[in-house]
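Asker: The following block contains the structure, expressed as structure tokens.
Values in this text are rule-based calculations from the coordinates and carry no lab data. Predicted, not measured: the structure shown is a model, and the values here were computed from it. We place every Cβ from the backbone using ideal geometry, glycine too, and count neighbours over all the protein chains shown.
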Amino acid sequence: MKRLFVFSAICLILLNVVCIAQSDQIKDTESQTHGADSSSSSIVDTYIFPGFKVIQFTLPVLSIYSYLLVSDGDALLIDPVRDVSVYIETAKKEGVVIKGVYLTHSHADFVAGHKEVVNLLGCPIYQSHKSGVSYPFKAVDENSDVNIGKATLKFMDTPGHTPDGMCCAVYGSDQKKSPEALFTGDVLFVGSVGRPDLLEGTISAAWLAAALYDSWTNKISKLPDSVVIFPAHGAGSLCGAHLGDEPKSTIGQERVSNPYLQSTKKFEFIAAVLQGLPEAPQYFKHNAKMNREGPPLVKVDSGLPSELKPTIELSQPDKYFLVDVRDAQSYAKAHIPNSVNIAARGRLETWVGTIVPWGAKFALVGDEAELKESLHRLHRVGYSADVIKFDSWEKAGLPVTVGKLRTPKELYGLMQNGESPLIVDVRLPSEWMAMRIGAVLNLPLNKLASLSRQLDPDQPVMVVCNSAYRSSLAQGILEREGFKKAESLDGGSEAWIKAGLPVIEATKSEGSSPANVVPKKQVALPERMSAEELKRLIKDLPGTFTLVDIRPEQQFREKTLPGAIHGDPADVSTDPAYLVGVGPLILMDRDGTIAMAIGGILAQKTSRPIKVLYGGIESTQSHGRVTEVPESASAVKEQPKSKPLDTSTPIKQAPKKPVAGC
């Protein structure tokens, strides 16, 4: 019965796959940071090295990584954010003393917490001799060594993102010849490099890009492939473009996979780095200035300031800039006229820093808990604000504006009848070109206030984004610009796709004319993996994936691949345990046919990468030979001889299948 069910399900999938839409396919980094856990710092992982360990912290709403280097009772805090309590508490739990704070460079995308730590602990600040800051610090250069417990830190000047950019190599207690880890700041990211265009002044972006090329070519690339890199940012950061999702990497991995590092000529590298950079928020230059001067200390747990008195003046755009931090649904039901919605459940800091002019007369609207959280978080980007509770406004009997949220099916019906309002997609042009819900106009959110002058404020306008976070904000911006009939798509494009409605994707020609777009439905299919690719994964990155052998159990017990677990096809296709886990789920059978069908089922249910060994386990045998991978990709001089994948070790007992979380 199990197998009958499986093949029935397979047939159903094959018949309907072209009509299946997956909203997870278009989720952006923004919508992935709308959870409550994304707004506070937490520990990513702890990495153990000879003589020291590295505790990595993340602040998802700003895509920041910071670190605590721990060795023999001492610790060094690296690139801390302004709310430093998480580091202090972690150090206490670890039983270590923070001996200093190290800044890899002059940060622009957030206000650093170095002054907060010094105020609490009295420890020194280590920073580049080129930093030019106004506060006391210990200058480090390429001749500087700092000892933290048994670990030795050696610094290297690596300009490129900024002139004062530095990398810090960490040597363990077992040997001093080669470093174990490298803190790269914003010079080198996973899959990317730091952008060179954030510095205001006489130094050009092209000059910094050239310096970045030299920093990689002459210094960083000379380190061994095994050195683990720890960057200051992850995916979603505006300090670079196309950053990877992984929290760490190695010099070797970046050498072969980082697209920016494949340029062998300096001019090609400069062109690649400067191409297509997103516009930096206007608050960056102000944060950079604060960090150089030494940010003023934050008053922790000071409570809410006194509320503003509800008066009609607050709703006048030339008097105040009101930011409503409630969710989009609450904002749509009723809000103070001319307020904009930047919900606390999202990238509040970045969007306030992008939309609210620095130094504007600025107030937050919400309930007590939302206001308290928002004030605390806005310190991270140097903003302070007055507050008013929305209940206080209502109790004063002052006017409110009711927003319009329209469901995807309602909008689609209007589009079919020719009665739709003008649809404005407020995402980035790259997002709009890749996929959109129909014939829509693209006016990016960060430019919407000025670009809206192209539109008629008396005509109805529907604003759209991926999740409705940005479109709700856009609705408020249009109201401030005098639009009376601004609407927002409830749930955004994600809800549109979940409703099974068609989208338009650009063709490979990358053109922007109507002739170069084609309506499509999202199709989620597993990715095929060759035997060569699987071998490299098993050899170089064990523990980063789940390999499931779905052949009959007896065949599995006789022989399988290293690290594989057994799974019955019916269980694999129906058990939610297989939908979650770290890294991709890789399916393997005899020849790839059943595994591909099962992979098709799973790909409809999860955003977890699903891969299938192309040709099955037969492709790994002697008649389907695979390529041996050299120990260092940089040492490849000729095509290595072919060698079959080693399948000689039988598995005596099948490991247990993965267990689903709560």
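Asker: Treating only the Cβ atoms of Lys and Arg (+1) and Asp and Glu (-1) as charged, compute the dipole magnitude of segment 158-267 about its Cα centre; round to the nearest 20 debye.
Answerer: Values: 9 positive and 11 negative charges, 78 e Å.
Value, rounded to 20: 380 debye.
Asker: Taking the Cα atoms of segment 51-157 alone, what are Rg (to one decimal) and Dmax (as a whole number) in Å?
Answerer: Looking at segment 51-157, its Cα Rg and Dmax stand at 13.1, 36 Å.
Asker: With a 10 Å Cβ neighbour count serving as the proxy for reagent exposure, in which order, fewest first, do Val227, Val461 appear? Mind showing how you got there, number by number?
Answerer: Details: Val227 19, Val461 23.
So the residues, fewest neighbours to most, are Val227, Val461.
Asker: Going toward the positive end of the dipole of segment 31-285, with +1 on Lys and Arg Cβ and -1 on Asp and Glu Cβ, which of Gln127, Ile88, Tyr65 do you reach last?
Answerer: In segment 31-285, that residue is Gln127.
Asker: Work out the length of the dipole vector of the chain about its Cα centre, built from +1 on the beta-carbon of each Lys and Arg and -1 on the beta-carbon of each Asp and Glu, and round it to the nearest 20 debye. Walk me through the numbers on the way to the answer.
Answerer: Details: 71 positive and 75 negative charges, 149 e Å.
It comes to approximately 720 debye.
Asker: Using the alpha carbons of segment 318-465, what is the convex hull volume per residue in cubic angstrom, as a whole number?
Answerer: Numbers: hull volume 20.2 nm³, N = 148.
It is 136 Å³ per residue.
Asker: Long-range amide H contacts for Val612: which residues qualify at under 5 Å (H placed 1.01 Å from N, peptide plane, sequence gap of 5 or more or a different chain)?
Answerer: Distant-sequence amide H within range of Val612: Glu527, Arg528, Met529, Leu587.
Asker: Another question about this same structure. Over all pairs of distinct alpha carbons, what does the Kirkwood formula give as the hydrodynamic radius of segment 76-127, in Å?
Answerer: Values: mean 1/r = 0.0904 Å⁻¹.
About 11.1 Å for segment 76-127.
Asker: Quick check: residue separation of Ile48 and Gln604 times 0.36 nm, minus the Cα distance between them. What number comes out in nm? Before the final figure, lay out the partial values.
Answerer: Numbers: separation 556, 0.36 × 556 = 200.16 nm, distance 3.74 nm.
Separation in residues times 0.36 nm, less the Cα-Cα distance, equals 196.4 nm.
Asker: Amide H neighbours of Asp324 under 5 Å, counting only residues 5+ apart in sequence or on other chains, H built in-plane at 1.01 Å?
Answerer: Val340, Asn341, Ile342, Val365
Asker: Report the normalised scattering of segment 299-395 as log10 I(q)/I(0) at q = 0.10, 0.17, 0.22 Å⁻¹, calculated by the Debye formula with identical scatterers on the alpha carbons.
Answerer: -0.22, -0.67, -1.19
Asker: Related question: Once segment 303-352 is represented by equal point scatterers at the alpha-carbon sites, with solvent omitted, what log10 I(q)/I(0) does the Debye formula produce at q = 0.14, 0.24, 0.28 Å⁻¹?
Answerer: Relative scattering, expressed as log10 I(q)/I(0), comes to -0.40, -1.03, -1.14.
Asker: Relative to a virtual label point 7 Å from the Cα of Gln275 in the Cα→beta-carbon direction, which members of segment 166-205 show backbone nitrogen distances below 19 Å?
Answerer: Counting only backbone N, you get 189, 191-197, 205.
Asker: Then there's this: Averaging over all projection directions, find the projected area of the Cα convex hull of segment 31-285 and quote it in nm² with one decimal place. Working shown, then result.
Answerer: Working: hull surface 51.9 nm².
Convex hull of Cα atoms, orientation-averaged projection: 13.0 nm².
Asker: Antiparallel as a % of all DSSP beta bridges within the chain, to the nearest 5? Please report the intermediate quantities before stating the final value.
Answerer: Details: 48 of 96 bridges.
Rounded to the nearest five, the antiparallel share is 50 percent.
Asker: What FRET efficiency would be calculated for the residue pair Asp571, Ser226, taking the C-beta separation as r and a Förster radius of 45 Å, to the nearest 0.05?
Answerer: Computed FRET efficiency for Asp571 and Ser226: 0.70.
Asker: Using only the Cα atoms, work out Rg/Rh for segment 108-203, with Rh taken as the Kirkwood radius, to two decimals.
Answerer: Values: Rg = 14.7 Å, Rh = 15.0 Å.
Expressed as Rg/Rh, it is 0.98.
Asker: Something else now. Looking at the P(r) of segment 378-450, how many percent of alpha-carbon pairs lie beyond 20 Å? All intermediate terms of the calculation are to be shown ahead of the outcome.
Answerer: Numbers: 1580 of 2628 pairs.
The proportion of pairs with Cα distances above 20 Å equals 60 percent.
Asker: Note the count of lysine pairs whose C-alpha atoms are less than 29 angstrom apart in segment 404-520, limited to pairs 8 or more residues apart or on different chains.
Answerer: 19
Asker: So which of Lys309/Lys372; Lys99/Lys138; Lys177/Lys219; Lys115/Lys150; Lys53/Lys99 end up more than 20 Å apart, counting from Cα to Cα? Spell out each step's value before the answer.
Answerer: Details: Lys309/Lys372 18 Å; Lys99/Lys138 13 Å; Lys177/Lys219 16 Å; Lys115/Lys150 26 Å; Lys53/Lys99 15 Å.
Result: Lys115/Lys150 exceed 20 Å.
Asker: Right, next: Would you list His242, His114, His286, His566 from fewest to most Cβ contacts within 10 Å? Walk me through the numbers before you get to the answer.
Answerer: Numbers: His242 13, His114 29, His286 18, His566 22.
Lowest count first: His242, His286, His566, His114.
Asker: Mind computing the radius of gyration and Dmax over the alpha-carbon atoms of segment 239-284? Å is fine for both.
Answerer: Values for segment 239-284 (Cα only, Rg and Dmax): 12.7, 36 Å.
Asker: With 44 Å as the cut-off, how large is the P(r) tail for the chain, expressed as percent of Cα-Cα pairs? Before the final figure, lay out each step's value.
Answerer: Working: 65130 of 218791 pairs.
Of all Cα-Cα distances in the chain, 30 percent exceed 44 Å.
Asker: In nm, what is the difference between 0.36 nm times the number of residues separating Gln555 and Ser257 and their Cα-Cα distance?
Answerer: Numbers: separation 298, 0.36 × 298 = 107.28 nm, distance 3.61 nm.
Extending this stretch completely gives an extra 103.7 nm.
Asker: Give me the log10 of I(q) over I(0) for segment 404-520 at q = 0.14, 0.18, 0.20 Å⁻¹, as the Debye formula computes it from C-alpha points; what are the numbers?
Answerer: -0.53, -0.88, -1.09
Asker: Using DSSP, restrict attention to beta bridges with both residues in segment 404-520 and report what percent are antiparallel, rounded to the nearest 5. Working shown, then result.
Answerer: Details: 6 of 18 bridges.
If I count the DSSP bridges inside segment 404-520, around 35 percent turn out antiparallel.
Asker: How would you rank Thr152, Thr104, going from fewest to most other Cβ atoms within 10 Å of each one's own Cβ?
Answerer: Fewest to most other Cβ atoms nearby, the residues stand as Thr152, Thr104.
Asker: So what is the calculated 222 nm ellipticity per residue for the chain, using -39500 (n - 2.57) for each DSSP H run with n of 4 or more, over all residues, to the nearest 500 deg cm²/dmol? Walk me through the numbers before you get to the answer.
Answerer: On the way: 20 runs with 176 residues, N = 662.
Value at 222 nm, helices only: -7500 deg cm²/dmol.
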